[in-house]
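> Before we start, here is the structure in question, set down as structure tokens.
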Amino acid sequence: MSRLAFGAPGKSGIDGKYKFVPLPWEENAADELTYVCEFTGAAGTNEVGVGAGLSGADLVLTQYANPGSDGTHRTIQDGTFQSFYGTMAFYTAFAQSPLGWSFVLRNTNLNGANTYLVNLMGQDTSGSQSMELRLLKNTSTFTLSVGSSNSVLGMGVGLKLPATNELWPVTGQPYMTIASLDYAKGICFAGILQDNGVFPSKLTDFLTFSINQFPEDFAGPNQITAYNSGVYKCILGSFLSYGSNYSGGQTVKSLTLAKRPCYIPA
């Protein structure tokens, strides 16, 4: 599978080729294509989002190990298994969207070493990767990887940036992580920026970003029927029954998942 890859922490000459389509992060703005969850629940409770045509249990992000709360944010402690995870039907709804899917996470107070902020790897009955969304912070780097694939084709994007620098992570500074996969156009995007309450409109808004463009149309993955090794299922944090792949510390404001890409041709 051939591809073109772009990545930069600064200006880029491709801003005119693509555009950002804003996604909401308030529940009252969710719609049939967009799921939004604001993390306002009490300590130790599940969170329930709205939108994207989902209902019942598929709207619920189930907590594990009692994440904390201040009433407006939920806190996942570094070095624990505190986490939130969705149903397989929840993840499949976005991974199998004909348009593709996108993701926005708003959080602050990122800390820890060799720990996951997101640790999700779903697969189909054959073991082919259906959905990957992983954010790993260790002592030297922050890694974001996102993708969808089936037994024949796949598409995705990833990036790394230094875990310690003057811009990221700054204690108390809100951040926004965005990922987007456009199945029809083969465009994959991942980026991190400081959160000023405005959805980004250009690449120079980002601290770092990466773009892959795949030439072939992608039909999408098969239904998610399992999590890799049975445990990589967390949309926030990490839940592992073995090893030391713990959750990284973060204070979570909101999570958005959409049944459409948010980075598309202009």
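The values are calculated or read from the model by the stated rules, or taken from the named source; none is laboratory data. All values derive from a computational prediction rather than experimental measurement. Neighbour counts are summed over all protein chains in view; Cβ atoms, including those assigned to glycine, are modelled from backbone coordinates with ideal geometry. Please note that ligands, DNA and RNA were not included when accessible areas were found on the heavy atoms of the full protein model with its side chains. Shrake-Rupley method; radii C 1.70, N 1.55, O 1.52, S 1.80 Å.
> Tally up the carbon and sulfur contribution to the accessible surface of the chain as a whole percent, 1.4 Å probe, everything protein left in place.
After summing per-atom areas, the C and S share lands at 51 percent.
> Sticking with this structure for a sec: Through the Karplus equation 6.51 cos²θ - 1.76 cosθ + 1.60, θ set to phi - 60°, convert the phi angles of region 191-201 into ³J(HN,Hα) values in whole Hz; use x for Gly and Pro.
Those phi angles translate into x, 10, 8, 6, 8, 10, x, 10, 5, x, 10 Hz.
> Turning to a different aspect of this structure: Which value, in debye to the nearest 20, gives the size of the charge dipole of the chain about its Cα centre, when Lys and Arg are +1 and Asp and Glu are -1 at the Cβ?
In total the dipole reaches around 520 debye.
> Identify which of SER247, SER130, SER140 has the largest mean-square fluctuation in a Gaussian network model of the chain, with springs joining Cα atoms closer than 10 Å.
Comparing SER247, SER130, SER140 in a Gaussian network model of the chain, the most mobile one is SER140.
> Related question: Rolling a 1.4 angstrom probe over the protein chains, ignoring ligands and nucleic acids, what is the accessible area of ASP182 in square angstrom, nearest 10?
10 Å²
> Residues of region 26-66: accessible area per residue at 1.4 Å, in Å²?
Values: 1930 Å² over 41 residues.
On a per-residue basis, 47 Å².
> Can you give the Kirkwood hydrodynamic radius of region 58-109 from its Cα pairs, in Å with one decimal?
13.0 Å
> Taking the convex hull of the Cα atoms, report for region 170-213 its projected area averaged over all directions, in nm².
So the Cα hull casts an average projection of 3.4 nm².
> Going through the cross-link list LYS19/LYS233; LYS137/LYS253; LYS19/LYS253; LYS185/LYS259, which pairs have a Cα-Cα distance over 23 Å in this structure?
LYS19/LYS233; LYS19/LYS253
> Please identify, among ALA29, ALA95, ALA184, the residue showing maximal mean-square fluctuation in a Gaussian network model of the chain using a 10 angstrom Cα cutoff.
ALA29
> Right, another one. Using a basic spin-label model with each label point 7 Å from the Cα along Cα→Cβ, how many nm lie between THR204 and ALA266?
Each label point is offset 7 Å from its Cα along the Cβ direction, giving 1.3 nm.
> Okay, moving on. Compute the accessible area per residue over region 90-190, keeping the other protein chains in place, probe 1.4 Å, unit Å².
The answer is 32 Å² per residue.
> To continue, here is another question. What is the set of long-range amide H partners of ALA226 at a cut-off below 5 Å, with H atoms built 1.01 Å from backbone N?
GLN123
> If the elastic network links every pair of Cα atoms under 10 Å, which of GLY248, GLY53, GLY16 fluctuates the most in the Gaussian network model of the chain?
So, out of GLY248, GLY53, GLY16, the one fluctuating most is GLY16.
> Could you work out the helix-only [θ] at 222 nm for the chain, with each DSSP H run of four or more residues adding -39,500 (n - 2.57) and the total divided by the number of residues, to the nearest 500 deg cm²/dmol?
Helix contribution divided over all residues of the chain: -1000 deg cm²/dmol.
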